[in-house]
Structures are given as C-alpha cells and as structure tokens.
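The values are calculated or read from the model by the stated rules, or taken from the named source; none is laboratory data. These numbers were taken from a predicted model, which means no experiment stands behind them. Note that each Cβ is placed from the backbone with ideal geometry, even for glycine, and that neighbours are counted across all protein chains shown. Accessible surface areas use protein heavy atoms only, side chains included; no ligands, DNA or RNA. Shrake-Rupley method; radii C 1.70, N 1.55, O 1.52, S 1.80 Å.
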Amino acid sequence: MIELFSILIQILVVTVFCYFPKNAYSFIYRKKGDFFQCLETGAIFNIFILLCLSLFFRKYMNELLNIFLIIYFIFNLLFLVKDNFLNFNKKIFKFNSLIIFFFLLIFLFSVDLANNLKIGWDAQNYWLVKKQIFTNGGDILDLKYTPRDDYPYLGSYLWHMYSKLSFLGYEYFGRIFYIYLFVLSIFAISQINNLKKIENIILILLIIFLIYKINLFNGYQEILNFSLLILMTKKFYIFFKNKNLEKNFYLTLAPLVLIINSVIWIKNEGAVLAMIFLGSIFLLKNIRFHIKIFLLSSFMFLILGKYFLFDYIGLANEIQKGNYEYFRIQNFFDFINLNRIFLVFKYILFYSLEVLIYPISIIILLILINFDKKNSFILFMVSLLVLSSGFILLAFLLTSFPLEWHLWVALDRIMFQTSGFFIILIPLFYDFLKGRNLN
Amino acid sequence: MITNIKKIKKKLLIYSVGLIIFLIICYQISFFKKVYFLITRDYDSRLYNTYEYCGKESVGYLIHLKKKFNINFKIPIINYGNSPNSSWYFYDLKIKETNRVIFLNYSMGNENFNYELNDEHSHNLNDYNILDNYENCYLLEKK
C-alpha cells in the first residue's frame, strides 16, 4: 500500500517540478496558457535545469544541490497553487476530466511499470551504469569510467534525480518521469486544435493504444527522445500557425531550442534528429531567413557546447564509437549495394508492422497531399519523413556490425524514436476529417 | 425537451466509448491484478519474478543471497553468461573490501566471455570456499 501511495506522491512531485508559471508562459507566448501548456513548457525547462545542475554541481556540493532542489520545488509549488487553486472561485482552474484522465493514465502506466521491473539489455549495460554513478554520489567527471563513454548522460541523470526525489528511492521511480513525459507529450499534441474534451480523450487513447508497450520504459532512452520530438513538432507547429509569434521569435522559439538541446544530450543520434528537423525547416519558403539563421546558429552553438563540455568532462567525442569504424570511401560499394539496401527495406517493412505510426503517417500524408498540395506544413512533414527514412537507411547501410544482426536489434528502436515526428499527423488528420482547414 | 434528451444520449454514447477504450487499456495491462500485486508483494518479490533465478542476470539468486547472508556491502559479481552484469542490484549498499565474490552462470567454456581480461578473480572454483551454491550460481570466499 505504501508503494502505491508513493507512486501517487511521485506523480505529484514530478508535476510540481514540471510546472511553469502562467505569467512566464504568457510572457513568452503573449497569451494565457492552460494547465497542460504550462506543464509541457515546464517539462522542457525542467529537463534543461537538471542538465545545468548536472554540469554545475560537483559531488562535494550535494547539500547545496539539495537546498537548490527544495527551493526549486517550493517556488514551483507556490506558482502551481497560485495559478490554479487561489482563483478557484473565479473558475479559472477547471478541474476538468482531461486533467483527471491525465493523472489516471500516468498512474495506470506507473503501476504497470512497478510490476514489470525488467531493465533492457543496453539499459543495464550503459544507461543504468551512468545512473549508478550519480546514485553512488559521483558526478559528471566520473562518467569517463563507464562503458560507452561517448554516450550522453542526460536521460540517466533524469532517471537518477527522480528516483532520488522519491519517497522509497527505488530506481523505477526515476522511470516514472519517462512515463510522465510520454503521456504529457501525447496530451500536448492532441490539443493542437480546439477539440471537445471527449474528442481529445478518444484521440489520446487512440494514440496511446497505438504506441504503448511497457518495454518502452525499460530504461532505454528512445522514449525520451520520442516524447521530445513530439513536443518539438508541436512547438514548431504553433509557431508556424501563429504569424504574430514571429515578432519576438527568439523568445517563442526558446522552448524549441531547449528541446533540441535535450535531444542532443539524451542520445548521440539526437544531433542527427535535430539536423533532420532543422533541414526540413530550411526547406520551408514561408519561414523567414533570419529565423532560419537563428535556429541554425543556436544548433551550432549547442553542438559546440556539447563538444567542449564532453571534452572538459573527459568523455569521448566520437559519435557511436565503433559502429562505423570500417567504413571508408574506398570500400563504399561493400557497404552500399543492392543486397544490403534490399535487406534494410525488408526489415523496415517488417518493423513497420510493429511501429505502426510509420505506415499510418504515410497513408495520412498521401491523403492530405492529395487534397491540399500547397500546404507548407504537410510538405514540411513529407521532408521530415524523407530525411528520417534516409537517415535510417544510411545508419544501417554504413554499419560495421553484421547488418542483419544490427537491423534485428536496433531498427525498431530507431524507427520508434523518429516516429515521434509524425504523431502530429493524427490530430491534424482528425481535423481534416472534420472538414477544417489545416492552415 | 427532445433535443435535450438527444444531446444527453449523444454525450452518454461518446463517454461510453471513451470509458470502453479506457477499460480495454486497463484490461490489456491487467491493471487491477497489478494493483493487487503492488499491495501484496514487496519490491524484491516483484524483481524476483521479473528475472530468472539462476540464468541470464540471475537477480533471483542475488535476492536470495542478500536475504540469507544479510549482505550490506557490495560484493563483486562475475557473470559468465552472455547477459549484462547485475551488480546494479547492490547499488544502495556501501563499498567495502571483501574476499567474497559471486559467480553467476559459471562455466569455463563460454566463447563470448573473456577469461583473460577478467583476471581480477581466479576462475578456478578450487581457489574458493563455496558459501552458497545453486546450479551454476555461487557465493564464494577466497581461501
């Protein structure tokens, strides 16, 4: 019973840490945000703050870190109460079915997780080892003693922090944050158009029904990047739709830049995913040049920042050390030939039945293009799909591992991760079916 | 009046659909059974049921050792199998010098295990006193 109660408390603790004050939200977006909008923006900032904490606090500063966390918690709690409860009589806080449903789903999945404690292979070998460094009182400078020191550590740090912030301290409490971010991102994306609550709930259940498997939360980091890619496309969609956000774009795009930063610090391929996203933005004609330059320079700054920080920490700066060591221009055709391409396509087809978002997205895109060829956002999604597929193809064709084995163990995870880009198509398609204009 | 009834019927239908899908998810993940397990079984028992007892990560055997010998410090673990090392199970224990070692899935013939690289502890069982043993899993103490 104590554990069940602790899960509930943990969900509330994560909510407080992920909350973003409504005033700050309206300062950025020039409009009042609802509970979920504040939460999704808060989650993005929360991940960034925790990244900064990991970089700043050394092992001998543990007490200082605890004080900071308490202040951070109280500060957020005050704003959460002030924004949502103090004006209760004025009905500003609507304790609506969507909020109850949100917490119910997280609780449901947390209970599922508490009964399926198995940690995945790579998670046990790499991600959990990094988490243990922090749990045992180490800091980022100790990460160089972990296997695969070229892997970023933000996901492991979040895992550590949220299990540290729990009552019972079990490791899976840290993974409840992964569940939280996942559910939050689905809620965020299903609210891009003003639907009725019940329509929202059905849409959310449909998306979750398509995606949810308990194995997603076995310590692998793909679920974090998947959720962040969903938020990334949402933030960009909002920016794309509201031309008045361009006036202070450096502020309205700040959350987007922070998401890109998080994606880079969670997995190595995050940098490529960010490039795919930015590449697709660059192909859009109706995004102004100075905004593209702002995004590009921010990305360059983040990549360089990560490079120098990795250098300072003493971590390897190679991307996927060992995975591509045998590839040379001289043996180009040993890697890229029809047999290998056919094999990759065969596996993509096979895994599409598992990562259903891919075939569904392709069907939706084909329908939407057929009806509205000039819609820039649909073209943006098409370029995301083409670039993501190109990335998947190259990532496996150039591998130094036996191709079939590599495809068998990794393709589904890469496909799942990139599918985060396309979840937005489901609410957009629903809108289309309702006869609304996508622009 | 009739339009009101129609509206209520429509709302009822929509909410029922939402509830049914939600219950399907509950059923799919066996939610109620899992709530029961969460109340009646502690963390270690659930972990015990998730992993093999002596095979792969052998977490079940580690749980058994921790309880039987009241282990409160980290003991080095060598997993001779092809699975990840499960020393993470002892994460919350203090670090202390010890002459004990745990062998999991012990075998001298695993091609994927680098016996020369893992030379911190002897691989010969004759060099140890066997404190506990189940199939290929051992708790050993250096002679």
Determine which single condition A:Ala316 fails, assuming it passes every other condition in (1) open to solvent by less than 70 Å² (accessible area, probe 1.4 Å); (2) assigned to a helix (DSSP H, G or I).
(2)
May I ask you to list the residues in the range B:107-132 that are among the charged types (D, E, K, R) and surrounded by fewer than 10 Cβ atoms within 10 Å (Cβ to Cβ)?
B:Glu111, B:Glu116, B:Asp119, B:Glu120
If A:Met232 satisfies every condition in (1) open to solvent by 10 Å² or more (accessible area, probe 1.4 Å); (2) of a type outside the set (Asp, Glu); (3) in contact (Cβ under 8 Å) with a residue 40 or more places away in the chain; (4) more than 15 Å from A:Gly155 (Cβ to Cβ) but one, which is the exception?
(1)
Checking the condition surrounded by fewer than 23 Cβ atoms within 10 Å (Cβ to Cβ), within 14 Å of the chain's Cα centre (by Cα) and farther than 25 Å from A:Ile99 by Cβ, which residue from A:Ala271, A:Ala254 passes?
A:Ala271
Give me the helices (runs of 4 or more DSSP H) completely within the range A:59-165, filtered to those with at least 3 residues that are small (Gly, Ala, Ser) and within 14 Å of another protein chain (Cβ to nearest Cβ), ordered by residue number.
A:97-115
Residue ID - modelled with the lowest pLDDT, chosen from residues in the range A:154-197 that are open to solvent by 20 Å² or more (accessible area, probe 1.4 Å) and of a type in the set (A, V, I, L, M, F, W, C)
A:Leu195
Filtered residues of the range A:143-180 (kept if closer than 19 Å to A:Leu64 by Cα and free of Cβ contacts under 8 Å to residues at least 60 places away in the same chain):
A:His160, A:Ser163, A:Lys164
Within the range B:82-106, can you find the residues that are more than 13 Å from every other protein chain (Cβ to nearest Cβ), out of contact with any His (no Cβ under 9 Å at 6 or more places or on another chain), buried (at least 16 other Cβ atoms within 10 Å of the Cβ) and in a loop (DSSP other than H, G, I, E, B)?
B:Asn105
Filter the range A:37-57 for residues that are open to solvent by 10 Å² or more (accessible area, probe 1.4 Å) and in contact with a helix residue (DSSP H, G or I) (Cβ under 6 Å, 6 or more places away or on another chain) and give the result.
A:Phe48, A:Phe57
Hits in the range A:122-132 - residues which are closer than 20 Å to A:Phe56 by Cα and surrounded by fewer than 23 Cβ atoms within 10 Å (Cβ to Cβ)
A:Gln132
Please specify each residue of the range B:31-65 satisfying the condition of being open to solvent by 40 Å² or more (accessible area, probe 1.4 Å) and within 9 Å of another protein chain (Cβ to nearest Cβ).
B:Lys33, B:Phe37, B:Ile39, B:Arg41, B:Asp42, B:Asn49
